[in-house]
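Just so it is clear, none of the values below were taken in a lab; they were calculated from the coordinates. If you're wondering where the values come from, they're calculated on a predicted model, not measured in any experiment. Here the Cβ is made from the backbone with ideal geometry for all residues, glycine too, and neighbour counts use every protein chain on show.
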Amino acid sequence: MSGDEEERELEALLELSRRGRAKLDRLHEVLTSPGHYGTGATPSAVVYRENKLRLLRLLDEQGKPRTGPPVLFVPAPVSRYFIVDLLPGRSFAGHVAAAGFDVFVIDFGTPTSEDRFADLAYYVDGLVRRSVRIVSELTGVPAINVVGYCLGGTLSLLYAALYPDTVARLVLLTTMVDGDVQGGIGWVAHRMGLAGESYDTPRLVPAAEVKSWFEMLAPGSNSLIGRVSDLWERLDDPAARLRDVRTMATWVDDVVPAPGRLLAEMYQKFGPGRNGLMTGIVQIGDRMVELAAVRMPVLSVSAEKDLIAPPEGVDAITKIVPHAEVLRLPGGHVGIVAGRAAAGLWQRTVDFLATSRGEAHGT
Amino acid sequence: MTLTADGKTAKDSTLVERWLEDQRDWQRTAMAYLDSMVKNEDFLVHLGNAMRGSLLAGKPYPAAAPAGQPAAQEAPADDRLDQVLFALHQIQGQLTDLRLVLDDVRSSGKGSPSVRPATRRKAKATKRTKRTKRPAPTVARKARPGKPRSRG
């Protein structure tokens, strides 16, 4: 090896060392600086607590509740609530609030051991019903707007069928109704043993197990090597961008444990081969719920590249709620709600909620 | 490397100096990490998550229980305490229901329901959602007698 070659190699090594160190310095900066990690971006007040649930009311710049028509966001109880209020300027709930609505968000919290006995009735006829009543009481509006995301949409749909007079407008985001459509989290969980969950002797399904179902939807990108490699590449990004990435990672990776009874019941009623929602009649606790009772305007939004809730399974809502307006957007399950192009959905939701009854739907 | 008085030597010196500077930078990086490990107990958790490719903040990356420790995934052998705790949560909800009904009764007694339409304003560029009377409790009907509840 000549002296010049040796020198070039040493220069290259030095540059490699510098780049690697710069990445580690940036990682250190991101890991030690504050951000919106696990908390909503918009100022809020807790207006009701029950078990692990917190009902949040978003506040304006002066720290006061808004006085527009009330909207209740119902996120999925198996993940953290702040996906609908991710970052300043990137918050679905914040956008709706900025449009003048009085926005409430349910935070179901993190279930602990005793919550494994929670079933559909506990969520739909308990937590969601009481949250709606509290919103009605606080705002004086008997029929409020409800926006349900993913499994939270399923709870919202069932609630709206049970208490249709209390829901003015219903928005369902990536809410799967046809359990026979292959793919998605239901089928993965089915293949990975969800059928073995017991209703009578439920367990608290560990977060790692729930997460493994989601990871199976994209096994390559979710492998340890794939994740580490992806993070190493991202460390070239500016620190501010990485903090946003960290906020999203905190949502994606902070899956909460799931009540085994709820999962068992949903699988037995709505899962592959059962498909109870598509029959239009569902038993919740000791009551029969007829989805035909859902007569308020409904907007159902699916995502073209949704691996968790395949769009065909979401759009099938028109078979059980024929007047539902269906909207399919480009993007994935999370991206359409909190991604960089999510503002289109937020504004579409505002427009839908702002349309008075009968104007757009002839009801 | 040989140090001589020609131009090559000067170049080599520069490289050596930069290499030494790089080593000092690495020491600073290492010290910054060590300092955070000592001063911030969460930092190790966050660093551990990063080594698993996740920027998850606030808690360790969810991991399955190690082999030989399946207890966390099993239903406890004696779940009576948890059943009592969960029943208490349900009672808490029922008490809220009672409180809400009492509030309703109180507001009805004052001649006005808890509806306050006059105080609500429209959302920006919106028309107000039509309001209805106080919510009817349900349109659902009772479960059909004899139909067994679906359980696993």
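Evaluate Rg over Rh across chain A, taking Cα atoms for both radii and Kirkwood's formula for Rh.
Values: Rg = 22.4 Å, Rh = 21.6 Å.
When Rh is taken as the Kirkwood radius, the ratio is 1.04.
Starting from the eigenvalues of the Cα gyration tensor, five times each then square-rooted, give me the equivalent ellipsoid semi-axes of the stretch A:13-58, largest first, whole Å. Walk me through the intermediate numbers first.
Details: eigenvalues 362, 19, 7 Å².
Each semi-axis is √(5λ); the values are 43, 10, 6 Å.
Most mobile of A:Gly38, A:Gly332, A:Gly226 per a Gaussian network model of chain A (Cα springs, under 10 Å)?
A:Gly226
Dividing the Cα radius of gyration by the Kirkwood radius, what Rg/Rh value follows for the stretch A:1-142? Don't jump to the answer; show the numbers that get you there.
Working: Rg = 24.1 Å, Rh = 18.4 Å.
Rg/Rh for the stretch A:1-142 comes to 1.31.
Once the Cα atoms of the stretch B:8-61 are picked out, what are the Rg and Dmax in Å?
17.2, 54
Using a 10 Å cut-off around each Cβ, can you sort B:Lys39, A:Lys211 from fewest to most neighbouring Cβ atoms?
Least crowded to most crowded, the residues run B:Lys39, A:Lys211.
Which peptide among A:168-180, A:11-23 comes first, and what is the full order, when sorted by highest mean count of other Cβ atoms within 10 Å?
Details: A:168-180: 25.5, A:11-23: 13.5.
Put in order of decreasing packing, that is A:168-180, A:11-23.
Once a ≥ b ≥ c are taken as the square roots of the eigenvalues of the Cα gyration tensor of the stretch A:171-292, is the result rounded (a/c under 1.5), prolate (a/b larger than b/c) or oblate (a/b not larger than b/c)? Can you show the working numbers first?
Numbers: a/c = 2.43, a/b = 2.07, b/c = 1.17.
It is prolate, given that a/c is not under 1.5 and a/b is the larger ratio.
When we measure straight from the Cα of A:Lys211, which aspartates and glutamates land under 13 angstrom away, once same-chain ones fewer than 8 places off are left out?
Once the sequence-local aspartates and glutamates are set aside, what remains near A:Lys211 is A:Asp253, A:Asp254.
Assign one of three labels to the stretch A:316-358, namely rounded, prolate or oblate, based on the Cα gyration tensor with a ≥ b ≥ c the square roots of its eigenvalues; rounded applies when a/c is under 1.5, prolate when it is not and a/b is larger than b/c, and oblate otherwise. Each step should come with its number before you reach the end.
Details: a/c = 3.65, a/b = 1.34, b/c = 2.73.
Oblate.
State, to one decimal in nm, how far the label point of B:Asp104 lies from the label point of A:Leu10, with both points 7 Å from Cα in the Cβ direction.
Roughly 8.4 nm, to one decimal.
Could you give each residue of the stretch A:93-110 its phi-based ³J(HN,Hα) in whole Hz, using Karplus coefficients 6.51, -1.76, 1.60 with θ = phi - 60°, and x for Gly or Pro?
Along the stretch A:93-110, the couplings run 5, x, 5, 5, 5, 5, 7, x, 7, 8, 9, 10, 10, 7, 10, 6, x, 10 Hz.
Order these peptides, A:48-56, A:250-258, by their mean beta-carbon neighbour count within 10 angstrom, highest first. Numbers along the way, then the final one.
Details: A:48-56: 19.7, A:250-258: 22.1.
Top of the packing list down: A:250-258, A:48-56.
Quick check: the distance between the Cα centres of the stretch A:220-287 and the stretch A:133-154, to the nearest angstrom?
Centre-to-centre (Cα) distance: 23 Å.
Is there a simple number for the mean count of other chain Cβ atoms within 10 Å of the Cβ of residues in B:46-53, and what is it? Working shown, then result.
Working: counts 7, 3, 0, 6, 12, 3, 5, 14.
Mean inter-chain Cβ contacts per residue within 10 Å come to 6.
Using only atoms on other chains, find how many Cβ atoms lie within 10 Å of each Cβ of peptide A:69-75 and report the average. Walk me through the intermediate numbers first.
Numbers: counts 9, 2, 2, 0, 0, 0, 0.
Rounded to a whole number, the mean comes out at 2.
Could you list, in their original order, any pairs among A:Lys64/A:Lys305; A:Lys23/B:Lys39; A:Lys23/B:Lys59 whose Cα atoms are separated by more than 30 Å? Don't skip to the answer; put the middle values down first.
Working: A:Lys64/A:Lys305 39 Å; A:Lys23/B:Lys39 22 Å; A:Lys23/B:Lys59 23 Å.
Check vs 30 Å cut-off fails for A:Lys64/A:Lys305.
Take the alpha carbon gyration tensor of the stretch A:254-363, find the square roots of its eigenvalues, order them as a ≥ b ≥ c, and report rounded if a/c is under 1.5; if not, report prolate when a/b exceeds b/c, else oblate.
Values: a/c = 2.00, a/b = 1.18, b/c = 1.69.
In terms of gyration-tensor shape, oblate.
Among B:Arg28, A:Arg227, which comes first, second and so on when ranked by fewest other beta-carbon atoms within 10 Å? Walk me through the numbers on the way to the answer.
On the way: B:Arg28 12, A:Arg227 19.
Result, fewest neighbours first: B:Arg28, A:Arg227.
Evaluate peptide A:201-207: per residue, the Cβ atoms of other protein chains within 10 Å of its Cβ; return the mean as an integer.
On the way: counts 5, 4, 6, 6, 1, 6, 5.
Going residue by residue through A:201-207 and averaging, the value is 5.
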